[in-house]
Amino acid sequence: MDNDLYGHMNNVVHYSLFDTAVNGWLIEQGVLDIHAGGQIGLVVETGCRYHAELAFPDKVNAGIRVGRLGGSSVRYEVGLFRNDEDSAAAEGFFVHVYVDRQTRRPKPLNADLRAALEPLVR
């Protein structure tokens, strides 16, 4: 399903991998509870630059960093690397605005989330 009719990874899969890399890291750090957390991140902007093709069954490694850490928003930047290559096959970003789960209104980043993200600021 990952490869499209041209034989390479469809661009929507890149965005899915960006989301999985960031949310997986946040869950591992213990700062994202996708089921019951009071604060969640909503995507308000995305982008991607493609440098080389990826295709199943390539092994894809993701590297993440924080391009901007705001009061209630974070710009995540993600590189996708094919197999053991040193250059990114794709570089993407997305901006999360953190909101209250119930009201969906912006909410300042909680202290634990901010502390986990600060080492990733570029």
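Each value in this text was obtained by applying a stated rule to the coordinates, not by laboratory testing. Model, not experiment: these values are computed from the prediction. Here Cβ is always computed from backbone atoms with ideal geometry, including for glycine, and neighbour counts include all displayed protein chains.
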Query - Spherically averaged projected area in nm², based on the convex hull that wraps the Cα atoms of the range 11-120 - result: 7.1
Query raised in the report: Which is farthest toward the positive dipole end of the chain among Leu109, Gln29, Phe94, measuring Cα position about the Cα centre, with Cβ charges +1 (Lys, Arg) and -1 (Asp, Glu)?
Result: Leu109
Query raised in the report: Counting Lys and Arg as +1 and Asp and Glu as -1, each charge on the Cβ, what is the dipole of the chain about the Cα centre in debye, to the nearest 20?
Result: 640
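Counting only helical runs of four or more DSSP H residues, what would the 222 nm mean residue ellipticity of the chain come to if each run contributes -39,500 (n - 2.57) and the total is spread over all its residues?
Working: 2 runs with 25 residues, N = 122.
Mean residue ellipticity, 222 nm, calculated: -6500 deg cm²/dmol.
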Report task. Have a look at Gly37, Gly24, Gly67 and tell me which one the Gaussian network model of the chain (Cα, springs below 10 Å) gives the largest fluctuation. Result -> Gly37
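Filter the trypsin sites (Lys or Arg not before Pro) in the range 1-85 down to the DSSP loop ones having no more than 16 other Cβ atoms within 10 Å, then list what survives. Each step should come with its number before you reach the end.
Values: sites: Arg49, Lys59, Arg65, Arg68, Arg75, Arg82; in loops: Lys59.
When the trypsin sites (Lys or Arg not before Pro) of the range 1-85 are filtered for loop state and at most 16 Cβ neighbours within 10 Å, Lys59 remain.
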Report task. Evaluate E = 1/(1 + (r/R0)^6) for Arg65 and Asp2, where r is the Cβ-Cβ distance and R0 equals 30 Å; express this FRET efficiency to the nearest 0.05. Result -> 0.75
Report summary line: Comparing Phe56, Phe81, Phe94 in a Gaussian network model of the chain (Cα, 10 Å), the one with the largest mean-square fluctuation is Phe56
Query raised in the report: In degrees between 0 and 90, to the nearest 10, how far off the longest principal axis of the chain does helix 11-28 point, with axes built from Cα atoms?
Result: 40
Query raised in the report: If you bin every alpha carbon distance in the range 1-64 into 10 Å steps from zero, what whole percent lands in each bin?
Result: 17, 45, 27, 10, 0
Report summary line: Computed ³J(HN,Hα) along the range 105-121: with the Karplus parameters 6.51/-1.76/1.60, θ = phi - 60°, integer Hz and x for glycine or proline, the list is 9, x, 9, x, 4, 6, 4, 5, 5, 4, 5, 5, 7, 3, x, 8, 5
